[in-house]
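The values are calculated or read from the model by the stated rules, or taken from the named source; none is laboratory data. Everything numeric here is computed off the predicted structure, so don't read it as measured data. Here the Cβ positions follow ideal geometry from the backbone for every residue, glycine too, while neighbour counts run over all protein chains shown. Ligands, DNA and RNA are stripped out before the accessible areas are found, and what is left, the full protein with its side chains, is counted by its heavy atoms. Shrake-Rupley method; radii C 1.70, N 1.55, O 1.52, S 1.80 Å.
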Amino acid sequence: MNLLDQQDDRSRPIPNAAHGTSRSTSSRAKADPHSLSDRLLRFIQERGTRGATDAEIQDALELDGNSEQPCRVDLEKRGYIFDSGRTRKTQSGRSATIWVTAEFRATREPAQPSLRANGPPALSMPKRMQESIADRESERLLGPELDAMSIEEIENLAAAVIPAWPSAFGRQWTPESIRKDSVGRKLLLLQFRRQRGQVR
């Protein structure tokens with residue numbers, strides 16, 4: 001029994017990433033217990049929390065992108081692997097998504113049952129850890145936009161989240177000082193996310 005069978009005892013067909021390959025090649029992949037999908041899944045699982053990027057998978061398994069990426073996409077759609085929310089630089093300097101299996105997934109919010117009904121369950125995490133991950137994700141996604149905001153935009157954000165603005169925490173603030181302060185920055189990012197409808 002291969003790894004895909006072990007993770008799901010229901011009879012689900014093993015994905016075949018080699019779209020467009022010859023019929024003989026496809027037949028060999030289905031018959032081989034160490035199929036491409038199983039090899040890819042095993043590799044990502046063995047990487048643990050470090051996970052793997054597409055480039056790392058291709059290097060380790062000696063695959064080209066045309067073979068590896070369709071297989072990885074299929075495993076993701078079927079709930080075997082997940083976007084970790086982190087990236088790692090490739091040799092060319094690009095930021096690449098890090099893929100992990102379910103047991104090493106750091107869930108930022110509850111998984112949607114309708115989307116992952118057939119996949120492995122997500123791990124539950126302490127609330128403080130979830131908040132920490134959410135803060136880092138807010139900084140990653142919205143931090144650059146916050147830094148590019150005008151003084152007036154920062155003042156509007158601050159006034160919306162700090163009732164006594166520009167007085168708070170026993171001192172007077174400026175748009176630049178609140179943006180650079182770690183606690184103040186979290187408050188600004190929280191309000192920014194509220195405006196985007198990401199939190200209530």
Q: Arrange the residues 155, 62 by how much accessible surface each exposes, largest first, with a 1.4 angstrom probe.
A: 62, 155
Q.
How large is the accessible surface of residue 59 in square angstrom, using a 1.4 angstrom probe and rounding to the nearest 10?
A. 110
Q) Sorting 43, 82 by accessible area (1.4 Å probe), largest first, what list results? A) 43, 82
Q: Could you tally the net charge around residue 49, taking each other residue with its Cβ under 10 Å from the Cβ of residue 49, Lys/Arg +1 and Asp/Glu -1?
A: +3
Q: Mind ranking 138, 150 by accessible surface for me, highest first, 1.4 Å probe?
A: 150, 138
